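Have a look at the structure below before the remarks.
The values are calculated or read from the model by the stated rules, or taken from the named source; none is laboratory data. Since this is a predicted model, take the numbers as computed values, not measurements. Virtual Cβ from ideal backbone geometry, glycine too; neighbours counted across all protein chains shown. Protein only, heavy atoms only, side chains kept; ligands, DNA and RNA dropped before computing areas. Shrake-Rupley method; radii C 1.70, N 1.55, O 1.52, S 1.80 Å.
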Amino acid sequence: MSAHTLTDAPVTVTAHLVAKSGNAKTGPIPVSTTERASCPTSCAFYSGCYASHGHTRINWAKVPERGGPWAAFVGKVAALPDGQLWRHNEAGDLVHVDGVIHAPALRALVQANSGKRGYTYTHHRLTPANVRALRDANAGGFTVNVSCETPAQADIARAAGLPAVLVVSEPPAKGATTPDGHPIRQCPAERSAVTCANCGICARPDRQAVIAFTAHGPGARGVREALQRVRLEEATAGATR
Ligand code: SF4
């Protein structure tokens with residue numbers, strides 16, 4: 001455990017904000033990246049996610065030189081225009097200390113996002129402290145979606161009052177639901193010309209639907225293998241998130 005408490009632990013990770021993303025999926029909205037130390041080791045994809053490949057991997061490795069300290073990054077977010085939709089963490093996760101979300105760092109980001117429409121995803125564990133931090137962020141207008149690997153995990157997130165997304169091996173069938181009956185909807189960018197810039201569903205914390213993202217690209221095989229591993233663990237030990 002770190003010698004620091006969560007209120008005084010210095011934020012050492014850097015983050016970078018691109019004003020207009022060239023990512024075909026997000027469309028031309030501001031997009032950020034936080035360096036890899038922000039990722040929880042508990043993430044099912046920690047040893048290899050989609051961001052570990054291609055241009056995203058190269059850009060991710062350059063965050064310390066292209067980006068800046070957390071406070072400077074937060075200042076850039078605060079300077080975005082009112083109403084701006086933006087995505088936090090094309091790669092990376094929420095700042096943490098030993099798997100506990102750094103609540104002061106997140107609160108600073110939530111405040112900077114005031115009046116904007118920021119959204120992100122997290123693989124941090126849903127411990128009581130992390131759930132509190134995530135609820136506060138969502139209530140404060142910064143949408144943090146809980147990234148899940150099984151529909152049962154999505155139910156755990158929804159039961160905690162948090163918006164959920166789901167990584168899937170194959171696109172969900174029409175009308176698919178989680179075991180608790182939450183609708184599972186495929187991200188529209190996977191089947192049409194929609195981009196995040198003109199969709200924005202992930203920035204709505206009050207939505208019912210669990211948004212599904214299909215494994216794709218050069219990291220798809222590793223993602224499918226990780227999904228299979230999580231499903232097997234869940235079948236023997238029950239769902240955790
Ligand atoms: S559901 Fe909409 S906002 Fe979310 S990733 Fe897909 S296109 Fe972007």
Report summary line: Residues of the range 91-109 being crowded, with 22+ Cβ neighbours inside 10 Å and more than 24 Å from Thr240 (Cα to Cα), in sequence order, are Ala105, Leu109
Query raised in the report: Is it fair to say Cys196 is out of contact with any helix residue (DSSP H, G or I) (no Cβ under 6 Å at 6 or more places or on another chain) and in contact (Cβ under 8 Å) with a residue 12 or more places away in the chain?
Result: yes
Query raised in the report: Can you name every residue in the range 117-136 that is within 13 Å of the chain's Cα centre (by Cα) and either assigned to a helix (DSSP H, G or I) or polar (S, T, N, Q) (or both)?
Result: Thr120, Thr122, Leu134
Query raised in the report: Counting only residues that are over 15 Å from the mean Cα position of the chain (by Cα), closer than 17 Å to Asn138 by Cα and open to solvent by 60 Å² or more (accessible area, probe 1.4 Å), how many does the range 175-218 have?
Result: 2
Query raised in the report: When residues of the range 24-66 are filtered for being in contact with a Ser or Thr (Cβ under 9 Å, 6 or more places away or on another chain), within 23 Å of Thr195 (Cβ to Cβ) and open to solvent by 50 Å² or more (accessible area, probe 1.4 Å), how many remain?
Result: 5
Query raised in the report: Can you tell me which residues in the range 184-216 are more than 10 Å from the ligand (Cβ to nearest atom) and either touching a Leu at 6+ places or on another chain (Cβ under 6 Å) or under 22 Å from Ala235 (Cα atoms) (or both)?
Result: Ile184, Val210, Thr214, Ala215
Report summary line: Within the range 148-174, the count of residues that are buried (at least 17 other Cβ atoms within 10 Å of the Cβ) and within 19 Å of Val110 (Cα to Cα) comes to 3
Query raised in the report: Being at pLDDT 95 or above, assigned to a strand (DSSP E or B) and closer than 19 Å to Leu106 by Cα, is that true of even one residue in the range 34-53?
Result: yes
Requested in this report: Determine, yes or no, whether Thr143 is more than 14 Å from the chain's Cα centre (by Cα), within 29 Å of Glu190 (Cα to Cα) and open to solvent by less than 10 Å² (accessible area, probe 1.4 Å).
Outcome: no
